[in-house]
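In what follows, a single structure is set out as structure tokens and then discussed.
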């Protein structure tokens with residue numbers, strides 16, 4: 001990112017235009033933005049995580065940005081990227097990269113257990129996934145890493161919401177209603193079935209090894225694009241990847257990541273927008289950042305710069321982005337939602353009743369929504 005800023009500054013030196021980046025630890029970021037906003041000292045541009053765009057819009061921290069891109073340019077961005085930055089029909093943010101969640105597998109370990117992976121770009125149903133885990137367990141092979149040691153709330157919402165979505169469920173209604181939506185019977189059934197993975201000891205509730213699949217301890221790994229290069233380096237041609245298992249009839253893929261928005265306090269929005277265009281340009285922005293973080297390009301035209309994305313497992317990331325990507329809820333209450341939903345998932349995995357867990361989460365989130373709107 002610093003190199004990208006230096007390149008921008010060199011290109012605009014004669015205009016006397018420069019960008020200055022400030023980095024903060026992620027746990028300080030929202031607090032720093034809040035303090036700057038109260039002091040009317042926001043920077044011209046902010047990076048923000050996709051699910052928080054609606055929260056920033058609700059706080060009146062961002063301004064629309066569609067006018068700084070042509071219709072053709074906007075159409076080049078993946079629908080998932082446009083969707084995560086759009087609130088109530090208005091575009092407030094665009095990113096240079098997307099994300100992908102997949103189920104990696106070790107071909108040799110599956111073969112040892114007599115498990116056949118699905119054809120390219122196809123995933124298992126939940127029943128097929130459990131059957132594969134059972135065969136692996138019977139062959140004395142630990143089935144799957146679910147990374148339940150992750151300390152952050154967002155992992156749980158990002159990683160496991162696709163199961164709810166694939167079954168036709170939702171986390172929050174369009175009208176902001178949570179009670180009766182998050183804890184709907186269908187969602188309870190999904191969590192009850194999800195918890196079977198832990199009850200049957202197919203996945204560890206409290207793992208110690210942060211990379212059991214890479215270290216050869218599990219046959220499957222429920223994780224994201226960020227592990228692809230590491231897994232390839234260890235496993236080579238033994239590595240396979242498929243979409244996440246589905247609870248319903250259609251596959252759904254997690255997506256979304258950090259993006260850029262133009263703040264309310266931008267002193268010269270037209271000039272600040274030059275940085276937005278720079279960091280989302282296929283060559284100037286997307287190529288260097290994808291080369292550094294191994295994520296998924298945000299624009300279709302950028303795929304020409306990455307031959308890897310025409311072959312496994314990277315080709316699957318693009319396929320999911322284009323056919324099954326489902327942004328997380330665009331609501332100003334997302335931080336509250338993800339905190340309580342993650343708690344419900346953790347408790348369910350440890351044996352708590354999913355109905356009670358979702359009832360509690362829905363009630364707590366609904367209270368926050370009601371307080372915001374001034375209702376009891």
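Rule-based calculations on the coordinates, nothing more; no lab input. Predicted, not measured: the structure shown is a model, and the values here were computed from it. Glycine also receives a Cβ, built like all others from the backbone with ideal geometry; neighbour counts cover every protein chain displayed.
Some notes on this structure:
- Modelled this way, with points 7 Å down the Cα-to-C-beta line, the labels at residue 283 and residue 59 are 3.7 nm from one another.
- Shape call, the chain: gyration tensor on alpha carbons, a/c limit 1.5: oblate
- In a fully extended conformation the segment linking residue 264 and residue 346 would gain 25.8 nm over its present Cα-Cα distance, using 0.36 nm per residue.
- Degrees, to the nearest 10: 314-323 long Cα axis against longest axis of the chain: 80 degrees
- Among 2-10, 122-130, 274-282, 201-209, the order from most to least packed when residues are scored by Cβ within 10 Å on average: 274-282, 122-130, 201-209, 2-10
- Cα centroid separation, segment 306-336 to segment 212-241: 18 Å.
- 0 to 90° range, to nearest 10: angle between helix 185-194 axis and the chain longest Cα axis: 70 degrees
- The chain: angle of helix 26-38 to the longest principal axis, Cα-based, in degrees nearest 10: 30 degrees
- The chain, relative contact order in percent, only Cα pairs under 8 angstrom and at least six apart counted: 31 percent
- Estimated FRET transfer efficiency when R0 is 51 angstrom, pair residue 111-residue 88 (beta carbons, to 0.05): 0.50
- Were the residues from residue 137 through residue 149 laid out at 0.36 nm apart, the gain over their Cα-Cα distance would be 2.2 nm.
- Spin-label pair residue 10-residue 40: with each label point 7 Å from Cα along the Cα-Cβ axis, the two points sit 3.9 nm from one another.
- The label point for residue 359 and the one for residue 17, both projected 7 Å from the Cα toward the Cβ, are 5.8 nm apart.
- Estimated 222 nm signal from helices in the chain, with DSSP H stretches of n ≥ 4 weighted -39500 (n - 2.57), rounded to 500: -12500 deg cm²/dmol
- Reducing segment 145-198 and segment 8-51 to their Cα centroids gives an inter-centroid distance of 33 Å.
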